[in-house]
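These notes concern the structure reproduced below.
The values are calculated or read from the model by the stated rules, or taken from the named source; none is laboratory data. These figures come from a predicted structure and were not determined experimentally. When we count neighbours, we look across all protein chains shown, and the Cβ atoms used for this are built from the backbone with ideal geometry, even at glycine. These area figures cover heavy atoms from the full protein model, side chains too; ligands, DNA and RNA do not enter into them. Shrake-Rupley method; radii C 1.70, N 1.55, O 1.52, S 1.80 Å.
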Amino acid sequence: MAGPDLEPKPFRWEDGERVIRFGRGALAHVAEEVGVGYVLLTTPRGRERAPALVERAATVHDVPPGRVDEIAAGLRGPVAGDTLLALGGGRVIDVAKALAAADPPRRVAAAPTTLSAAEMTRGHRHAVGVDPATPRVRPHVVVNDPGLSASQPEPGLAASALNALAHAIEAALTVRTNPAATLVAHGAIGQLSAGFGGPGPDRDRLALGALLSGWASDVAGYGLHHVMSQTLVRLTPIDHGPANAVMLPHTTEALRGRFPEGLAAMAQAVGEDPREVVERIGQRAGPRRLRDWDVEPEHLEACAEAAARRPDLELTPPRPDRAELLALYQAAW
């Protein structure tokens with residue numbers, strides 16, 4: 001069980017052009033890694049959890065709820081500065097990446113407050129009006145303090161962990177994977193499984209598992225599961241964490257049908273079938289049906305139609321058609 005055996009000890013890692021700092025107390029090193037006078041993008045929860053980062057900022061902008069592409073477009077004018085520090089979950093971090101891509105040169109640093117792993121990847125939507133061919137941005141500094149990144153209350157924490165778990169599962173299966181991404185993904189699954197292996201969450205293991213899942217996803221990409229979950233978030237009232245939590249039991253089996261050997265290798269590496277991990281964490285993630293999150297039956301057709309057009313589906317072949325996507329949505333409803 002290579003994943004659970006890896007202790008989540010603090011480390012500093014120079015990974016090419018970026019620096020990754022992990023561990024309890026890592027937030028104390030933000031000034032060392034990023035400097036002061038940065039532009040802070042955050043939320044009220046981020047302000048409350050890390051007031052020292054607010055104090056060192058030149059300006060602070062709260063990122064509102066909504067779609068990343070629309071939020072980023074609205075903030076292009078007000079946000080000025082060369083270094084953006086994103087203190088928040090996936091939405092906040094993706095907005096910072098979109099702003100840096102839209103108006104280079106800018107550097108992005110990230111201090112995550114969830115397990116989304118957005119801080120580890122160059123995946124994000126562009127701001128409305130930006131050429132789709134514009135290069136995407138990956139944070140140059142990541143400061144992952146488990147006291148912050150795994151600080152959500154347990155239902156939200158479990159849902160966020162399932163998002164990270166989905167990153168790891170898909171990263172080991174896509175047509176872009178390689179031995180490094182696969183091994184890191186297996187380690188991430190092990191950490192996330194162990195993170196919910198007892199009566200209370202092991203937040204340090206969950207934080208490390210999410211970080212590893214993001215590294216693997218940045219290398220190998222994602223396919224069926226994340227396309228379906230992201231489409232739900234874009235077209236219905238459900239949020240990212242619950243969308244991943246509700247869909248993953250169904251998409252895991254769809255992926256098993258495509259990659260039986262890949263799922264078997266995960267089970268061997270972790271010592272537990274991935275579906276069992278999904279179910280165990282899912283029991284702690286809140287309601288388990290799309291209908292419980294205000295998704296209406298008429299939403300499903302629109303989601304299947306939109307998801308079927310996403311090119312990322314090519315990464316987990318065979319590419320599902322609209323009928324298969326709709327069946328999976330209906331099974332989750």
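Hey, can you tell me all the residues within region 248-262 that are touching a residue at least 24 places away in the same chain (Cβ under 8 Å), in a helix (DSSP H, G or I) and not charged (D, E, K, R)? Within region 248-262, 248, 249, 250, 251, 252, 254, 255, 262 qualify. Looking at 295, 277, just one residue is under 20 Å from the mean Cα position of the chain (by Cα) and at pLDDT 95 or above, and that residue is 277. The number of residues in region 193-250 that are among the β-branched types (Val, Ile, Thr), closer than 24 Å to residue 182 by Cβ and open to solvent by less than 30 Å² (accessible area, probe 1.4 Å) comes to 1. Residues of region 3-27 that are within 20 Å of the chain's Cα centre (by Cα), surrounded by 12 or more Cβ atoms within 10 Å (Cβ to Cβ) and either more than 11 Å from residue 144 (Cβ to Cβ) or among the β-branched types (Val, Ile, Thr) (or both): 3, 18, 19, 20.
If you take the residues in region 171-182 that are in contact (Cβ under 8 Å) with a residue 40 or more places away in the chain and in a helix (DSSP H, G or I), which one is surrounded by the fewest Cβ atoms within 10 Å (Cβ to Cβ)?
182
Note on region 114-136: among residues that are of a type in the set (D, E, K, R) and assigned to a loop (DSSP other than H, G, I, E, B), the one that is surrounded by the fewest Cβ atoms within 10 Å (Cβ to Cβ) is 131. For residue 168, the stated conditions do not hold, so it cannot be described as at negative phi, touching a helix residue (DSSP H, G or I) at 6+ places or on another chain (Cβ under 7 Å), assigned to a helix (DSSP H, G or I) and surrounded by fewer than 24 Cβ atoms within 10 Å (Cβ to Cβ).
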